[in-house]
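Everything below concerns the one structure shown next.
Bear in mind these aren't lab numbers, they're just calculated from the coordinates by the rules spelled out. Just so it is clear, the structure is predicted and the values come from calculations on it, not from any experiment. Using ideal geometry, Cβ is built from the backbone for each residue, glycine included, and neighbour counts are taken over all protein chains shown.
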Amino acid sequence: MNPPDVAEQRGGILGARAPDLSAERLRSIVPVLPALPVLGLWLFLAPNSGGYFPRDWYPSALLAVALALMVGLAAGRAFPAARGARVALALLAAYVGWAYLSLLWADSTGSALEASNKMLLLLALAWTLALLPWDARTARWLIGLWALGLAILACFSLAGASGTNDLSKYLFEMRYQHPVGYANGNAALGVIGLIAAFGMSTDRDAHPLVSGLFLAAAALLAEFALLAQSRASFIGTVAAAVVFLIFAPDRLRVGARLLALAGAVALAAGPILNVYDTGEHGGALGPALDDGIAAIPLSVLVAGAAGLAIGALERLGRGRERVERSSRRVGIAVAVLLAVGAVALALVNMGRITDVVDEQWATLTGGEYESVEGARISNLDPYERPDYWRVAIDLWQESPVNGVGAGNFEREYTARRHEPKHSRYVHNMFLRALGEGGAVAAALLVGFFLSLFVFGAILRRRLARAPALVLATTLAIAAYFAVHLNFDWLEEIPAVASPALALPIVALVAAGGTAAARSGGTSGARRAGGLAVAAVGVAALLALVPAYLSVRYLNRAEERAATDVDGAFEDLDRAHSLNGASLDPVLAEGRIAIAARRYDRAEEAFEESLTVEENWLAYYELALIDASRGRFARAREELALAEALNSHDPVLRRLERTIAARRRVDPKAENSRIQQEAHARFTTSGT
């Protein structure tokens, strides 16, 4: 006799029990409602440059800390009860705490404070979610709503790009960058959403319509990501697929949808990839982008229809032992074929792979890389990344235990680089941790990611289908993030980094069982936990509030500068008094004073900035002011100090020639010229 249908169990045969089940569902949802502000924050940050700029992430960090404080006090504990989640969260907290500690030895304490505060945002959001009593059902709701929210954002972005006359908003160097403003970050946002949507499409308990909806969302997000032509996202997606197949239940369900998704995306891949190729060959980007976007709806419909059809067939075969046994065999066969295909592809390209590894190592150790012609996604040119990595390794070798301080890579790279291009970030989070935080930070970061996979593997052995699916989906997201951040600065994009770090912890909580999560422990433990949460929360707010108010005054000053210079100076004085470690207010004062041709005020501001932190920009601007007044000997000395802190900068070389010729300069005109040149480089790449 076949087991009764699930729907019949819930409402047909035992219809009188339906209200109890609804009440039970409500009781499981209410305790996790504090996750809604976190979800809203992720979806708010995504279209606002991914939350990259301080004007967006500072208020988000304040909200995140307040949420974590409230949830922690309500729960009466500082850490989640599930062991895996507790260990992962502790390692992440130690990583952030070490960043704050680096203020003690960082040359730029302002940069260290800002970098630490931004990491605090990621920690606070993860902490909030980790303290909630998740189960498989509520975790799936969180992941599903987030994936659908990203799909909606992608729809609006693509709709706005279609037929637009302002391509610079959407394309940079022929790559799609909206809404994050950074093509690789845009790709990462699409791929982590794709993984979440695809995972939910394989849910055994979902209605076929829901399965189709999520597979359609996965196709949309895959093509949205593909427009960015990110090589690292492609590598990360492969790693995520492998992890998902390892941890996922019902591999037939996964394999069938994976093949359907790949086929649907292939329908639109040609026009999408053609956007970059068109720009490379000097073609019109507008029509090419329109063609690429126009190819997406059909692909999405095909994916949705495939998901619906597969879900309906699976439902028909459910409960039939013979069909399910055959399905498992087919699933194993599909997984084996995929693995064999991957190995065969690697073997066929082994020579090329070896050459690439040799070239990368030669470049990292001081050689030069020869760029390869062709589509960007297949172009193996690392651009300036090996130079970034070289400097990060040098910093670690000089300070192997503690590094140079959080956020201090930019300062060091500016002085040590071999490339003319500036960079704030290492483009590799692990090497950044090594260079900025030494072996301690690197060990904590690696330990965090390892803890996710180790505890995930331990828990997977005893999990039912639903929590196993949540675990597989979130670990695939973590795997993608861990791979992609070896090549880009995704940690600086909270809309990408926060869910990638937090969702696996949610899965560990859900997999660890809700009974322990709901347990409050003894009254003494609750009081101690509450006190610990309150103390940490107050300290976090003390770190964030003055810095955020400083940013607000700084932003307002920059807005007022064109019409009210004196008012702008007052705002900058307030900003500096609130965050005396930051260079930004005093440098902004100097730039605004130069724009107003108040050179005495500018000179005072730049000299004051040197008491905060020695920086090349102040020396450069002082050299401009002295050159405008005919003090060429002094200007030459200041320019030499700027060059010692900023090597290979063509702007400094140009001023050096001007001073050598004893020609006076107009500081305002020279600064305007630099801004126009930078703007021209940016907009030309997108038209």
>> How big is the dipole moment of region 545-685 about its Cα centre under a simple scheme where the beta carbon of each Lys and Arg is +1, that of each Asp and Glu is -1, and everything else is neutral? Debye, nearest 20, please.
In response: 740
> Under 5 Å between amide H atoms, partner at least 5 residues away or on a different chain: which partners does ARG417 have, H built in plane at 1.01 Å?
Replying inline: SER647
> What percent does the relative contact order of region 545-685 come to when contacts are Cα pairs within less than 8 Å and at least six residues apart?
Replying inline: 16
> What percentage of all Cα-Cα pairs in region 545-685 are separated by more than 21 Å?
Replying inline: 45
> Under a 5 Å amide H to amide H cut-off, with H placed in plane at 1.01 Å, what residues pair with ALA406 once short-range neighbours are removed?
Replying inline: SER102
> What's the extension gain from CYS155 to PHE234 if we count 0.36 nm per residue and subtract their Cα-Cα distance?
Replying inline: 26.3 nm
> How do THR237, THR658 rank when sorted from fewest to most other Cβ atoms within 10 Å of their own Cβ?
Replying inline: THR658, THR237
